[in-house]
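Structure first, then comments.
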Amino acid sequence: MQTKYLAFLRISEEVVEMEHESVELRKHISAQGILVQDLMTGVCHELEEWNSANGKIGDCQQDPQVDELQSSLLSNADNRKAIFLENFDVLLAEHKVEEAIEALEAEEKNCPELKGPGDTSSMELSSYRSEFLKRRSMLEDQLIEITEQPVVSILELKKALSALIKLGKGPLAHQLLLKSYGSRLQKSIELFLPSCSVYPKTFPATLSRLLFSIISVTTKESGLIFGDNPVYTNRVVQWAEWEIENFVRLVKENAPSSETVFALGAASNCVQASLTYSSMLESQGLKLSKLLLVLLLPYFEEVLELNFRWARRAALDVTEIDESLLLSTRSMSPLSAFATLSDSVLVDSGMKFMDIIEDILAQLTPMTVLHFGANILTRISQLFDKYMDMLIKSLPGPSDDDNLTELKEVIHLRVETDSEQLALLGLAFIILDELLPLAVIKVWSLKNESKELESENIVPNASITAELKEWKRSLQHSFDKLRDHFCRQYVLTFIYSRQGKTRLNALIYLSGEGADLYWDSDPLPSLPFQALFAKLQQLATVAGDVLLGKEKIQKILLARLTETVMMWLSEEQEFWDVFEDESVPLCPLGLQQLIFDMHFTVEIAHFAGYPSRHVHQIASAIIARAIRTFSARGIDPQSALPEDEWFVETAKTAINKLLLGPSGSDTSEIDEDHSIIHDEIVSDSDETASSSLSSIESFKSFASANMGELDSPMYFTNPDG
């Protein structure tokens with residue numbers, strides 16, 4: 001076969017050479033014919049001049065030989081025209097386009113009047129010109145027919161288009177070029193479309209390759225055949241834009257259902273492939289990326305919206321959980337640490353939430369992240385916010401958020417005990433602080449590593465970082481709602497008894513003789529703040545077990561609980577109304593006790609390892625307000641209050657004393673309302689102190705701490721640093 005193929009190629013080359021020689025011979029014959037014609041025309045002209053000079057024209061009978069010669073010459077000219085038309089018809093019949101073009105050009109040189117209107121007064125010339133133009137039109141039709149054949153080769157197409165250009169039909173030839181390649185593209189697409197359902201995710205990439213390869217070839221051929229004419233270049237761009245619009249429509253029509261992850265994968269692959277291929281065409285002068293983004297934006301937005309609607313329904317419905325999937329991933333998930341400490345439904349819901357997010361992220365491509373990343377991050381944060389709302393509804397106590405009413409029908413889990421609530425908060429925190437950022441950054445890093453992004457349109461890394469930081473702030477805000485709801489309900493159960501009476505009553509600061517005040521050589525905080533200290537110890541103990549290894553969230557929760565108590569005291573107007581009541585007597589000891597309680601609370605936060613600037617600010621505000629209130633009632637704070645250092649040192653001593661237990665003090669007589677050992681205070685642990693509160697060696701003065709150590713952990717600021 002190889003030998004025969006080589007022989008065939010050799011014979012083909014010889015045929016081409018013979019055809020070339022034949023064309024040259026025809027040109028030579030045509031040139032000789034023109035010379036003979038010129039000679040005959042010259043002879044006739046000389047004869048006419050000779051007859052005119054001898055005065056024989058019209059007066060005497062013309063020489064018979066001259067008449068015979070003229071008649072012969074005219075007859076030969078007519079015969080030559082007839083022969084030309086006959087030979088041209090033969091060339092048309094044999095589809096010898098090149099020879100026909102050359103014959104036309106030679107005849108137009110021989111008879112210049114054939115090119116334009118010219119002098120057609122002669123009937124014979126007018127008739128011949130009409131026949132000539134008719135043959136020219138027939139040749140054009142034949143060339144058009146060649147270009148429109150469904151199986152025409154690229155070589156034949158280029159020859160036909162070049163022939164039309166020679167005939168002065170450049171615009172028509174360019175139109176036929178676009179039409180031919182458009183039909184080729186359409187045929188390829190029609191052959192491929194039936195297999196779209198077999199490859200639901202990758203078919204847009206194949207369609208993109210078909211489309212942009214044809215656009216690329218068309219652009220190259222247009223440049224080679226028609227040059228860099230701006231008119232033709234603009235026509236190629238317009239044609240390419242129309243084909244791209246048709247491509248996007250086909251992708252929409254053949255894509256999977258928009259609610260499935262397959263649809264998101266198909267849309268992502270469409271964005272990736274089409275933008276990658278279009279960027280390759282920029283070297284050919286075609287900039288189609290902006291048009292693609294404009295056309296793809298509504299399609300991708302629709303798919304993304306429906307996918308996240310489905311994700312929201314699935315993530316919030318804890319009744320439908322794929323047990324086989326969870327069993328396969330539970331042992332590998334950091335959330336599995338909470339499986340033995342809380343309802344398995346809670347852990348399963350967290351795993352399901354992350355599975356849904358990871359399924360969505362797995363469909364994304366670098367180009368999708370580049371152009372639609374901000375939108376995707378926003379939708380992820382919205383989904384996380386809804387998940388936090390669901391967890392809030394599972395906590396004890398009424399919710400103040402009216403927007404959560406829609407979740408009532410899908411909540412099937414409740415957490416009651418301290419350990420269960422801390423497990424819920426730990427689960428949410430791990431998703432926020434570890435799992436979600438890890439999953440997202442893994443996908444976003446692929447965008448930076450992708451070679452396709454090495455173009456002038458790349459978004460700088462600084463903007464990517466800012467984008468992710470804004471997203472994390474949004475997630476933090478959602479988690480803060482859950483954290484604050486827990487702290488608010490937890491503090492309210494501590495402040496108010498079951499009968500609705502407040503334990504933090506201003507009456508305990510009205511005299512130095514009440515049972516709530518212990519003011520001797522070793523003063524102690526008032527009973528409610530002793531109870532607060534013990535309550536925080538208990539919670540820290542439980543947190544040390546439930547959130548083992550998660551010191552960050554432990555400190556965040558304990559700091560926020562302390563802040564919440566202080567904020568309640570600062571904002572509780574009924575508490576301050578007692579001091580402002582003129583009928584109620586005040587004493588300096590009450591002011592001293594209140595200020596001591598504030599310093600004690602600040603030192604609790606610092607001693608436990610979660611110094612908070614916010615706690616310090618609120619305590620300072622409460623102290624300032626108390627001084628103003630008591631001063632307005634005639635009590636001089638300068639004479640009634642010791643130095644600030646005394647409060648700090650005394651608070652440290654009180655903490656040490658409470659940690660060591662009662663030793664001859666009246667704390668054993670704490671009334672039932674203030675005791676945190678009674679059944680009102682729910683606790684899972686019998687431990688007496690948290691590991692974080694067990695060593696007095698870690699004790700440092702809050703007053704001596706710099707402001708960097710007092711940063712609020714509101715946004716994951718490390719309390720230790």
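The values are calculated or read from the model by the stated rules, or taken from the named source; none is laboratory data. Being a predicted model, the structure only gives us computed values, none of them experimental. Backbone-built Cβ (ideal geometry, glycine too); neighbour counts: all protein chains shown. SASA here: full protein model, heavy atoms, side chains in, ligands and nucleic acids out. Shrake-Rupley method; radii C 1.70, N 1.55, O 1.52, S 1.80 Å.
Go ahead and run the numbers for FRET between residue 632 and residue 653, Cβ-Cβ distance against an R0 of 35 Å, rounding to 0.05.
0.65
Please compute the length gained on full extension between residue 98 and residue 231, using 0.36 nm multiplied by the number of residues separating them and subtracting their Cα-Cα distance.
45.2 nm
Not counting ligands, DNA or RNA, and with a 1.4 Å probe, what is residue 155's accessible surface area in Å² rounded to the nearest 10?
Its accessible surface works out to 110 Å², give or take rounding.
Please work out how much accessible surface residue 162 shows to a 1.4 Å probe, ignoring ligands, DNA and RNA, in Å² rounded to 10.
50
Taking 7 Å along the Cα-to-C-beta vector as the label spot, tell me the residue 202-residue 359 distance in nanometres, rounded to one decimal.
According to this spin-label approximation, the distance is 2.2 nm.
Relative contact order (percent) for the range 125-269, with alpha-carbon contacts under 8 angstrom and 6 or more residues of separation?
The value is 23 percent.
Would you rank 646, 471 by solvent-accessible area, highest first, keeping every protein chain in place and using a 1.4 Å probe?
On the way: 646 85, 471 10 Å².
Ranked list, largest accessible area first: 646, 471.
What figure, in Å² to the nearest 10, do you get for the accessible area of residue 371 with a 1.4 Å probe and non-protein molecules left out?
That residue has around 70 Å² of solvent-accessible surface.
Kindly state, to the nearest 0.05, the FRET efficiency for residue 445 paired with residue 617, given R0 = 41 Å and r defined as their beta-carbon distance.
That gives a FRET efficiency of 0.55.
If 18, 567 are ordered by their accessible area, calculated over protein heavy atoms with a 1.4 Å probe, which sequence runs from highest to lowest? Present the calculation step by step, with values, prior to reporting the outcome.
Numbers: 18 130, 567 45 Å².
Order by accessible area, largest first: 18, 567.
Pull up the cross-link candidates among the lysines for residue 652, meaning alpha carbon to alpha carbon under 21 Å and not fewer than 8 places away within one chain.
Within the straight-line limit of under 21 Å, residue 652 reaches these lysines: 535, 555, 700.
Describe numerically, in nm with one decimal, the distance between label points set 7 Å from Cα along Cα→Cβ at residue 191 and at residue 374.
4.4
Once label points are set 7 Å from the Cα along Cα→Cβ at both residue 507 and residue 312, what is their separation, rounded to one decimal in nm?
My value for the distance between the label points is 5.0 nm.
Calculate what fraction, in whole %, of the accessible area of the range 585-667 sits on carbon and sulfur atoms when a 1.4 Å probe is rolled over the protein chains.
52
Going by accessible area, probe 1.4 Å, with all protein chains left in place, what is the ranking of 280, 40, 1, 367, largest first?
Per-residue accessible area, sorted high to low, gives 1, 280, 40, 367.
At 0.36 nm per residue, and after removing the present C-alpha to C-alpha distance, how many nm does the segment from residue 572 to residue 18 gain when stretched out fully?
Net length gain for the segment: 188.5 nm.
When ligands, DNA and RNA are left out and all protein chains stay put, how many square angstrom of accessible area per residue does the range 123-282 have with a 1.4 Å probe?
Per residue, the range 123-282 has an accessible area of 48 Å².
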